[in-house]
Every structure is written in structure tokens, then in C-alpha cells.
Amino acid sequence: MSPKQIFPSTITGTDFASGGSVLDHNFGSSEPYTLGVEEEYMLLDGETLDLVQHVEAVLEAAAGHELEPRVNPELMQSVLEIATPVCRTPAEVEAELRKLRGYVTGIAREQGMRVGSAGTHPFSLFERQRITARDRYRHLVDQLQYVARRELIFGLHIHVAVDECEKAVQIVNGLLAHLSHFLALSASSPFWRGEPTGLASSRQMVFAAFPRSGPPPRFRDYSDYAEVVGQLEKTGCIADYTHIWWDIRLHPRFGTVEIRVCDAVTRLEDAVALAAYCQCLVKLYSERYAVGAEIPSYHRILTTENKWLAARYGLEAPVMDLPTGRRNRVPVAQLVRRTLRELEPHARELGCERELEGIPEILGKGNGSDRQRRTWNANRDIVEVVREIAETTEPAAVPA
């Protein structure tokens, strides 16, 4: 929920926190298409696999380590967030995530805990979670009350650097058509409070209660965006733009487009594949913008409907084929495969062909939701579902 030091934090002009103009930004301060990834992890009891309220113990153990700046608290004390440094390629993302997952797994094991990554914990209850003792989170709960207290969910956020603010706005408009892709590929939350929900992503339904969430509106240009966000800031509705939790948003301080719709994914390889998919899509729309080609954009009602279908059905979602305007619906996996063909030359130029191959692998083997359901159907034991999540999340532990 809080911005991390993934990309440069210096702002051109006045700082946001001191009431500066939202037009100030860092687009162009990083090399285009560089990446940053944030993952939110569950802290699990080593025996029961229920959530435990021990984030402060993990942070204390990380104090003074070179990776300390990469390990952060979240809203609830049972949630830990990691953030990679700036990465040029998805291969670098893979190396950093493997290092970070291994490091926090090592800390957790030393303290009798385990680590898991998925969109929701299959059986833990939000009523039993304690809020992290940070002013930002106290204020958030004070403002949102029940909506914030039940936010026991875990996400994957991917930043891609863009070199122009106007270009970034149009890239976000283009990415809206792919919301259903991102969600279907990452969906990993079919359980909530110990029950199968019939949804591929229960996390989306929980987070939908947040204000300023869901697909963003389509903005004409950066000034249009700045005017809307500035009005929210000036009137005190939000402290700054990081309190806007759209599925895809601009992150002016980092100079990135941030894809936030994804559930936290269990397999490290899936996170890397999604980073490659995002990077290639940003390059695709960036180059279209550069030559003046049209970037199609669709009404929020249509993109929201496709997103709902992906949350409900996952990779089998029968979504609207918005680019063609056909009257019939098609499986979202078919649209992903078509998009992959468009991305092939961009993947070659970015050097991420190998990592992008992880997307067809997800289509073939299923997403995290599919794997959890298979475990559940095999023995009807919800604890075994969490065990599978932990065992798949944890690489070889790195001594803390």
C-alpha cells in the first residue's frame, strides 16, 4: 500500500508530500522499460499454517542486512512485502525475487514460520489480524473502517518505466483492454474464510470495496490526470496519489506505469512471466504512440465486465473480444495467445523471450487458483492447500 524505493524518489519541482503540483514527475528519469516488482507474502505458523502476527520480528531480523530496504511491512502484521531494485530485464527480476524469497524464507524458518504467496489465505480470518503499528495504516483504518480491516489479501505489483508522461497516459489506456489477461493469468485466490468461493480471484471481490479502486477512467492527457488527482488532493480526500488504488495507475514519483490488478502468485516463474508480459505490452504501446498510431481504448463498463469474468472463471473466462468488436465471446486464453504473437518481436528486442514463455506454460498447466483447487479436490483438506502454497513459494532458504 505504500510506495517503496524501487525507482528514483527525487521529484522534479516540489515534492508531493508538501503539497506540490501533481504535474511534477520522474517520467524519463529511468531507462525505458526497466522493471520493479513488489510481492506481498503471508507469514505462516510452521505447524498450523495459519497466519501469524510476526512482521515486526521479521523486520527486526532483517535490520542491518543489505536487503533490509527491500523488506517492508504492510497493513496487517501477518503480511510482509518485498520490493526488487530496478531491473533491466525479467531475468534480473527472477534473480532478485529468488534472492528475496530465499532470504525471507530463511528468516521465517529460524523463527518457526513459513512464507506463502497467493491472493488470499485459504482459511485465516481477518478478524484475528492485527493492524501494523504505522501512522499510515492507522489513518487508513480510521478512514475506511470495516473496508480496511477485512483487507486480508495479497497482491503482485509490476512497475515498468516510461520516458514521457503523455505517453504513459496513453499506455495505461491501452493496457485497460488487458486487465482480464493479467487477472486470469495470476488468479490464485479461490478460497476465503475456509470455503471455496466459486471464484478464481476472491481477492478482487474483497478489494473492490475500496474507494478509488478498479479500472481507472480513461484520461485524455497528463493534464487531465493531474487535474483529477489534484482536486482529490486539494480537497483533502486523499493525502497523495498513492491513495488511488486503481488496477493500473501512473506512478509519477517513480516515472512508471504500475500494474496492480494481479493476485500474488505462488510460483516465482509465474511472477517473472507476468513481468515479461507487462514489459512487452508497455513497449508495444509505447512504440505505437511514438509513430502516432491509434491506441484503442474502451469504456470502463466493458473493461470492468471482462475483469469480472476473469475473476469468476480464470483462464476459462468467456470475455468480450474488444479489439475486434465481435458479438460472440471468446476464452480469455485465446486472447492471451493472440497477444503473445503480437509481442514476439518486442520480446526479442527486450531479450525476454525465455521469460515470456512462462505465459503459455500458465495457459497449459493452469494458474494458482487451478492448482489450489486440484489440491482441495484431492483430499478436501484446506490446510493441505496452504501447505502446497508454502512449499511452492519457498525457494532454498538463504541463511539470515
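The values are calculated or read from the model by the stated rules, or taken from the named source; none is laboratory data. Just so it is clear, the model here is predicted, and its values are computed rather than measured. Cβ atoms come from the backbone with ideal geometry, glycine included; neighbour counts cover every protein chain shown. We work out accessible area using only protein heavy atoms, side chains counted, and drop any ligands, DNA or RNA first. Shrake-Rupley method; radii C 1.70, N 1.55, O 1.52, S 1.80 Å.
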I'd like to compare 365-371, 112-118, 228-234: which one has the highest average count of other Cβ atoms within 10 Å, and what's the full order after that? 112-118, 365-371, 228-234
If I histogram all Cα-Cα distances within the stretch 87-160 using bins 10 Å wide from 0, what percent of pairs lands in each bin? 15, 32, 36, 17, 0
Pair R149, T324: separation of 7 Å Cα→Cβ label points (nm): 4.9 nm
Just want to confirm a number: the relative contact order over the chain, from Cα pairs under 8 angstrom separated by 6+ residues, in percent. 24 percent
Once phi is turned into θ = phi - 60°, what whole-Hz ³J(HN,Hα) does the Karplus curve with 6.51, -1.76 and 1.60 give for every residue of the stretch 167-176, x standing for Gly and Pro? 4, 4, 4, 6, 5, 4, 4, x, 5, 4
Amide H of M76: which non-local residues (sequence gap of 5 or more, or other chain) have their own amide H closer than 5 Å, using H built in the peptide plane? T132
Tensor-based shape of the stretch 175-224 (alpha-carbon gyration tensor, a/c under 1.5 rounded, otherwise prolate or oblate): oblate
Each residue of the stretch 316-329 in turn: what ³J(HN,Hα) in whole Hz from Karplus with 6.51, -1.76, 1.60 and θ = phi - 60°, glycine and Pro shown as x? 9, 4, x, 9, 6, 8, 4, x, 8, x, 5, 6, 7, 9
Sequence-distant or interchain residues sharing an amide H contact under 5 Å with Y41, placed H: which? L80, E81, I82
Top of E361, E47, E92 by mean-square fluctuation, Gaussian network on the chain, Cα under 10 Å: E47
Give the peptides 374-385, 95-106 in descending order of average Cβ contacts within 10 Å, highest first. 95-106, 374-385
Per its Cα gyration tensor (rounded if a/c is under 1.5, else prolate when a/b beats b/c, else oblate), the chain is best filed as rounded
Rounded to whole Hz and in sequence order, give me ³J(HN,Hα) for the stretch 373-385 from the Karplus expression 6.51 cos²θ - 1.76 cosθ + 1.60, θ = phi - 60°, writing x for Gly and Pro. 5, 5, 4, 4, 5, 6, 8, 6, 10, 5, 5, 5, 5
Kindly sort D142, D45 by accessible area of their heavy atoms, largest first, with the probe set to 1.4 Å. D142, D45
Mind checking the per residue accessible area of the chain for me, 1.4 Å probe, whole number of Å²? 39 Å²
Counting only protein heavy atoms, what percent of the accessible surface of the chain is carbon or sulfur at a 1.4 Å probe? 49 percent
With DNA, RNA and ligands ignored, accessible area of L302 (1.4 Å probe; Å², nearest 10): 60 Å²
Return the Rg/Rh ratio of the stretch 182-260 with Cα-based radii and a Kirkwood Rh. 1.06
Cut-off under 5 Å, modelled amide H: who pairs with A200 long-range: R312, Y313, G314
